[in-house]
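To keep things clear, I will list the structure first and then write my remarks on it.
The values are calculated or read from the model by the stated rules, or taken from the named source; none is laboratory data. Model, not experiment: these values are computed from the prediction. Cβ coordinates were reconstructed from backbone atoms using ideal geometry, including for glycine residues, and neighbour counts include every protein chain displayed. Ligands, DNA and RNA are excluded from the accessible area calculation, which covers all protein heavy atoms including side chains. Shrake-Rupley method; radii C 1.70, N 1.55, O 1.52, S 1.80 Å.
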Amino acid sequence: ILTAGIAYQRQNLDYMFQNFLNGVQTSEVTVDETITTKAFYVQSELMLFDNRLTLVPGARLEDHSTFGTELNPKFSTMFKFTPSTTIRGSVGRAFKSATIRQLYYEGLYRHGDRYVLSNPDLKPEKAITYSVNLEQQAFDKRLIVNIGYFRTDLKDMVVSQDTGEIAPDGILVQSYVNVQKALIQGMELSAQLSVTDSLLIDASFNYTDSENKTTGNELPFVPRYSLSISPMYIYQPWDLGCNIIISQVGRQYRNTANTQQVDSFTVVDARLWKQFSKYARFTLEGKNLTESDKGDDEFAFRMGRSVGASLELQF
């Protein structure tokens, strides 16, 4: 199977705002910046030995108007030892530019309950990624277990951090910096258990070790671990389903110096849906039902309970 394509993206930031003091204009800021990205990608999927072995080489050539041209190859493979045991692996190079707001939004812009300050001196991220995963099925596929290892070596990683500054209205200011060399690695464990045809349980655990290779500190906003469990029940005669997602996130830091800590926290979400037909589906969803402070009661950023409803129609 051969897949190829082209991509084009254009971002434009065009605005003007004025500052006033006691009714008198004190300054004016005008920004007009454009970023264009053009890319060509190709991938080949080769299936051998009665589809027991799959090889997937590919590459993406990307031209960025600010940062130039980069070639990013990737190779993935999958091998079925038995019908119930599968191993997967991949290695690849990645390139990620800073966003137009991270680079060129002059002045402060409001994002949730904090201000964000752009950094026009940011460099693009470059990374080499590795992963290996083992999947095991048991009890006639009623239990599926995945265990995996991942590692990413990064250069000039873009991270967000609190600056320690406070705007005149008392709101904290966050900005972006490059970490010259960084490492992110860890283990992933997940399981899906079909207790009955109507009751399913998903669980996952992720342990992550992150390091700023220059300072030895942990990277900001990278939790040490995350854990979730999600039971789901479907009442098939009515096409009615519900599930609860209980997630715990380990402690993390808000700055590169590791002096500002966010404690571990637990969040509870829930979802209820009704399938009226293959063309119509209604969903009621509640997030952060227990109103967790998400580890830091000093800030209200992305906190609180939210409830939403949606109706999907297909034609």
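Exactly which trypsin sites (Lys or Arg not before Pro) in the stretch 8-106 are in a DSSP loop and have at most 16 other Cβ atoms within 10 Å?
Sparse-neighbourhood loop trypsin sites (Lys or Arg not before Pro): R52.
Determine ³J(HN,Hα), in whole Hz, for all residues of the stretch 223-238 in sequence, where each value follows from phi through the Karplus function 6.51 cos²θ - 1.76 cosθ + 1.60 and θ = phi - 60°; x replaces Gly and Pro.
For the stretch 223-238, the Karplus curve yields x, 5, 8, 9, 9, 9, 9, 9, x, 9, 10, 10, 8, 5, x, 9 Hz.
If I take R0 = 30 Å and measure r between the Cβ atoms of L71 and N12 in this structure, what FRET efficiency does the formula 1/(1 + (r/R0)^6) give, to the nearest 0.05?
0.65
What residues qualify as long-range amide H neighbours of T66, i.e. H under 5 Å apart, gap of 5 or more or another chain, H built at 1.01 Å from N?
T36
If exposed means no more than 14 neighbouring beta carbons inside 10 Å and the site is in a DSSP loop, what's the longest run of the chain without any exposed GluC sites (Glu not before Pro)?
46-290
Rolling a 1.4 angstrom probe over the protein heavy atoms, how many square angstrom per residue are accessible across the chain?
For the chain, the solvent-accessible area averages 60 Å² per residue.
Tell me whether the stretch 143-198 comes out rounded, prolate or oblate; compute the Cα gyration tensor, take square roots of the eigenvalues as a ≥ b ≥ c, and use a/c under 1.5 as the rounded threshold.
oblate
Over the alpha carbons of the chain, what is the largest minus smallest coordinate on each principal axis, giving the biggest first in Å?
Extents along the principal axes, in whole Å: 74, 48, 45.
To one decimal place, what Kirkwood hydrodynamic radius in Å is obtained for the stretch 189-243 from all pairs of distinct Cα atoms?
Final number for the Kirkwood radius of the stretch 189-243 is 13.9 Å.
Given H placed on each backbone N at 1.01 Å, which residues far from Q260 in sequence or on other chains put an amide H within less than 5 Å of it?
R254, N255
According to a simple spin-label model (label point 7 Å from Cα along Cα-to-Cβ), what is the distance in nm between I87 and R110?
My value for the distance between the label points is 5.5 nm.
Direction-averaged shadow area of the convex hull around the Cα atoms of the stretch 38-87, nm²?
4.1
Cα gyration tensor of the stretch 24-168, axes a ≥ b ≥ c as square roots of the eigenvalues: rounded (a/c below 1.5), prolate (a/b > b/c) or oblate?
Since a/c reaches 1.5 and a/b is larger than b/c, the shape of the stretch 24-168 is classed as prolate.
Percent of accessible area on the stretch 206-273 owned by carbon and sulfur, 1.4 Å probe?
56
Pairs of lysine in the chain with Cα under 13 Å and at least 8 positions apart or on different chains: total?
So the count of such lysine pairs works out to 10.
To the nearest whole percent, what portion of all C-alpha pairs in the stretch 176-301 is separated by more than 16 angstrom?
71
Restricting attention to the stretch 118-180, which chymotrypsin sites (Phe, Trp or Tyr not before Pro) occupy a DSSP loop and are surrounded by at most 10 other Cβ atoms within 10 Å?
F139
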